[in-house]
Amino acid sequence: MLQKGVLFIVCLAWACASLQAQQCTLTLRGKILHLENNEPIEAAYVWLMEPNKGVPSDANGNFIIKDLCPGTITLQIRFIGHKEIKRSITLNASTTNQTFLMEEEAVDLAGVEIHGHQEVAQTTTSVSSLYGEALLQSRGESLGESLKRVAGVTTFSTGNTISKPVIHGLHSNRILILNNGIRLEGQQWGAEHAPEIDPFLADELTVIKGAETVRFGPEAMGGVILVNPPALPTSKKKITEINLIGNSNGESGNLSLAHAGGSGKFSGLGYRIQGATKRAGNLRTPDYIQDNTGMQEMSLTSTLGYSSKKLGAEVYYSYFSTTLGILRDSHTGNLSDLQQIIKNGRPFSEGEFSYTIENPKQEVTHHLTKVKAHYHLHPSWKLNVQYGFQSNRRKEFDRRRGNLNARPSLDLELFTNTAELSLDHQLNSQWTGSAGISLIQQANSNVPGTGVTPLIPNYDMVNAGVYLMEKYMKGPLEVEAGLRYDLRSISAARYLNNQLEESNLEFQNGAAFLGAMYQVSPSLSLSSNLGTAWRPPNVNELFSQGLHHGAAAVELGDKNLIAENSLKWVNSLELDGRKGNLELTGYVNRIQNYIYLNPTGQTFVSLRGTFNVYEYLQANALFYGIDLSGSYGFGQQWEGYFKASLIRAKNSETQAYFPFIPSDRMDVGLSYSFGKQEEGKGKNRITLSSLGVARQSREPEFDLAPAPPAYTLVNLGYSRKVEIGKNQFTAGLLVTNLLDTEFKEYMNRFRYFTADMGRNLQLKFNYQF
Amino acid sequence: MKMLSKLPLYLLTLLTLGFASCESNDPSKENDGEVITDVTLKFQELNPSNAPVGSVLSFKASDPQGIEVGKTPTVQSISLTKGKKYQMTIELTNSIENEDITKEILAEAAAHQFFFLGPVFDSNIFSIQYADAGGIALGLKNTVTVSSSPGTNNSSMRVVLRHELNKSFAGASNPNFSNFVQAGGESDLDITFPVILN
């Protein structure tokens, strides 16, 4: 009886097991390739609708999904820049193996669309990218201006030609910009120093809003901006792109040419060369012309790459040079000058239109060279080597007497070497990770002959870091964690009052992060990322000692400043439906020993007049806020979008507000499309949008002038896309500040002196063939 | 492929080269060429027929370090006699570079101008006219007439040197033009001299 019972149970168990085996032991294997060249696609996302399971493809384009039940399932494959594949598959054999070919897509995205995708940077934190149509719309703008299209990103600007991106309230040395994978190392400490990069080099601008110190090194406290050129062609083909842009305000012209090709003889060899030039004259506010606000810019990038099954190598060179005019009346001699112009609310001198750039002005040249290689040691192990050399020359000219006008008052030369060695692994499609070492070496010199005591000393800096990160993926869940340790030494030297002053400083710090992402359904994903970051005090914060020319301010550095430490928690929800999408990001960033420039309330008297005295202080700070963006399509032709961001920042010791924190803002738009996209026929789109910016009511205790009032701007755009054979032609007409509203932006340092830009009419052509 | 296998070697060489060639220069002493360290006001008494009488009175404002934090300039008091007329000349030097700035200002007369303000003019104690060669409005040379009944023995005079202003701005030809900021430009000097009347 007992025996029978045991047998029965065993039978039952076996039956169950076999039943289960019959049901859910199937495996789906596949390979994802480019339709054009049969090259494997890495990191395409494969999603099975019914069991709610997904995996990314590996470096060879392969993927495996196990434990599937027989029956019909819907499979979806997505990869940026390619047409989505959606297919029903009947699983019946014990193994199904299929190859999927993905077709490149002329990216046709609606309006100003921001799309988060994990492929660009493998991270669980909040990522937003600008590409395709949205990037096309931003063409001709500076990096800072372009990125304003991303919710949570604003600019900190000096006039209308110098703008620095601000991520979640942080900017300058608290965010990182990567030019094709290399940390852009310029004189980013200065509020009036724009990033030395032309966004024309990129086909995608990505903003990572988390603290990404582990991956990219110190200073990535507020976030990271990736400026990535397109991938090189690996097979025989040629692509050329021309952009031509004209603006009525400033009567500027902007031309960019890019050409990429692949070799037919040597498979895997590809190149790309791209250049752009820009010239603009004095800008106009609704009421007057701003004197000396013209600019000139030239940029060039070239890439040569080789990729084979095991080896990939790339040589990259990027050149950027700019001459920027600084609003004439913003350069004040002393405090009473400054107070008078602030009281006046606009420049005293009446400008005339001209392309001539006079003092005060800036001349900046930046060279960047990169050599990169990777080698697949084993299907699951990859070795990466990257070396970069950068040279940055910054000359700033003030209004001076006689021959001195031809001499810069600030002349800095900065050399930076960066080297990185890392080992990536991907084990059984669930564990991926990377470990590496990174070195930065930097030398800054004041070029003699300025006739002005240098603002910052000459210095040498060495930074060495080691890091390790690992990601675990199973089904819809991704978990990642990482650790990093950095050591930095700075040795600085200068003459102060004819005395040689030398300082040697050392900083060291660890950083870590933990993040997770959960794909609740194909259309909904949640992510959370907690990361620490640190930033050693900058040379200007340590050593500034003297008059900040033109700003009527005396700035005092402090050699005893210690490193800033931050802990940032970013959470985001992404809803991607058929008709619309929604992205909500919320964050808290606690920064210990936040360094800020504090007005002492004292003044300094000289023969030249009186100046305000500022000193660098440290305090604990708390930043928090939310970004919200989304779009929705009403039928085939109408589409609406909105984006908004709120930031709060406080000194958590004194409860005082920090200066230059972006005020609340919201951008809404509606677009109407008509016409069919067929050969020879155009597809048209009209977009009407409005940007509302609140007055910054959370002002610091001391400011030279109160925050400017709230403002609303209306923009109107029209674009027409025509397919000519296989080529694509796009023309656009955009009117910004349609109503010619006079406004001042709180985040523009020149709000003290002048109103912002008036109406601008922009005409834009893009042709790809 | 042989070349490629040596790639790491090339990279390493490049890396070493790059890192070695990159050191900051030794700092060099930079003398401030822009700064005015000494401002001297020279008063030469004139008789009714505008001929010089007596010796030259000299009053100085100086800041030997230029614009340097923590140091305050020393400004001498101007001491003049009531009811007299003087020729006032201004001399500017940069003692750090041993430079005569007066010459530079004269050479750039079109971009510079002195304005004279303060209680000494508000209370009509002084009256001043530009007396530069060629009749230009510059202010390196002026005639100052001291009131014979000023009502006080102590006052002060503010001397402002403007750079890159619009000299043809309405009212700018007046040495007492108090809205000089409206003519644009920036201040190179802004000094207040105490005035003692005997």
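Each reported figure results from applying straightforward, stated rules to the coordinates on display, with no laboratory input. As the structure is a prediction and not an experimental result, all values here were calculated from the model. Cβ atoms come from the backbone with ideal geometry, glycine included; neighbour counts cover every protein chain shown.
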If a/c stays under 1.5 just call it rounded; otherwise compare a/b with b/c (prolate if a/b is bigger, oblate if not). Do that for the stretch A:479-524, with a ≥ b ≥ c from the square roots of the Cα gyration tensor eigenvalues.
prolate
Between A:Ile242 and B:Ser95, with labels modelled 7 Å along Cα→Cβ, what's the label distance in nm to one decimal, could you check?
6.6
Mean 1/r over all different Cα pairs, inverted: what Kirkwood radius does chain A give, in Å?
27.9
Taking R0 as 30 Å and r as the Cβ-Cβ distance between A:Ala731 and A:Gln76, the FRET efficiency 1/(1 + (r/R0)^6), rounded to the nearest 0.05, comes to 0.30
Running Debye on the stretch A:162-311 with equal point scatterers at the Cα sites and no solvent, what base-10 log of I(q)/I(0) appears at q = 0.09, 0.16, 0.20 Å⁻¹?
-0.39, -1.02, -1.21
Shielding of A:398-409 by partners, i.e. mean partner chain Cβ atoms within 10 Å per residue?
4
Inter-chain shielding of B:33-39 (mean C-beta neighbours from other protein chains, 10 Å cut-off):
5
With +1 on the Cβ of every Lys and Arg and -1 on the Cβ of every Asp and Glu, and nothing else charged, how large is the dipole of the stretch B:38-197 about its Cα centre, in debye rounded to the nearest 20?
760
Where does the stretch B:55-149 land on the Kirkwood hydrodynamic radius, alpha-carbon pairs, in angstrom?
15.2
Give the long-range amide H neighbours of A:Leu496: residues separated by 5 or more places, or on another chain, with amide H under 5 Å away, using H modelled in the peptide plane at 1.01 Å from N.
A:Glu501
At a Cα cut-off below 19 Å, give the aspartates and glutamates reachable from A:Lys236, other chains included and same-chain residues fewer than 8 away excluded.
A:Glu36, A:Glu39, A:Glu103, A:Glu104, A:Glu105, A:Glu314
Compute the length gained on full extension between A:Arg698 and A:Trp431: take 0.36 nm times their separation in residues and subtract their Cα-Cα distance, giving the result in nm to one decimal.
91.5 nm
Rounded to two decimals, what is the ratio between the C-alpha radius of gyration of the stretch A:307-397 and 2.2 N^0.38 Å?
1.97
Over 28 Å between alpha carbons, listed pairs A:Lys265/A:Lys764; A:Lys31/A:Lys310; A:Lys568/A:Lys643; A:Lys343/B:Lys60; A:Lys164/A:Lys683; A:Lys370/B:Lys29:
A:Lys265/A:Lys764; A:Lys343/B:Lys60; A:Lys164/A:Lys683; A:Lys370/B:Lys29
Assuming R0 = 60 Å, can you tell me the calculated FRET efficiency for the pair A:Leu101 and B:Lys29, based on Cβ-Cβ distance, to the nearest 0.05?
0.30
Residue-averaged beta-carbon neighbours from other chains (10 angstrom radius) around A:598-607:
5
Could you check the simple spin-label distance between A:Leu763 and B:Thr143, using points 7 Å along Cα→Cβ, in nm with one decimal?
6.2
For A:Val166, distant residues with modelled amide H under 5 Å away
A:Thr154, A:Thr155, A:Phe156
Among B:Val56, B:Val75, B:Val195, A:Val588, what is the fewest-to-most ranking by other Cβ atoms within 10 Å?
B:Val56, A:Val588, B:Val75, B:Val195
For the stretch A:680-769, take every pair of Cα atoms, bin their distances at 5 Å starting from 0, and report each bin as a whole percent.
3, 12, 17, 15, 12, 11, 9, 8, 6, 4, 2, 1, 0
For chain B, take every pair of Cα atoms, bin their distances at 10 Å starting from 0, and report each bin as a whole percent.
8, 29, 28, 12, 5, 5, 6, 4, 2, 1, 0
Using the scaling law 2.2 N^0.38 Å as the reference, what is the normalised Cα Rg of the stretch A:627-721?
1.57
Estimated D of the stretch A:540-661 in µm² per second, where Rh is the Kirkwood radius over Cα pairs and Stokes-Einstein applies at 20 °C, 1.002 mPa s
120
State, to one decimal in nm, how far the label point of B:Thr152 lies from the label point of A:Leu500, with both points 7 Å from Cα in the Cβ direction.
5.3
Computed E for A:Ser354/A:Met49 - FRET, C-beta separation, R0 56 angstrom, nearest 0.05
0.35
Kindly provide log₁₀ I(q)/I(0) values, in the same order as q = 0.12, 0.14, 0.15 Å⁻¹, from the Debye equation applied to equal alpha-carbon scatterers of the stretch B:95-161.
-0.40, -0.52, -0.58
How many angstrom lie between the Cα centre of the stretch B:110-129 and the Cα centre of the stretch B:24-55?
18
Compactness relative to 2.2 N^0.38 Å, alpha carbon Rg of the stretch A:240-351
1.68
So if I place +1 on the C-beta of Lys and Arg and -1 on the C-beta of Asp and Glu, and nothing else carries charge, what would the dipole magnitude of the protein assembly as shown be about its Cα centre? I want it in debye, nearest 20.
2320
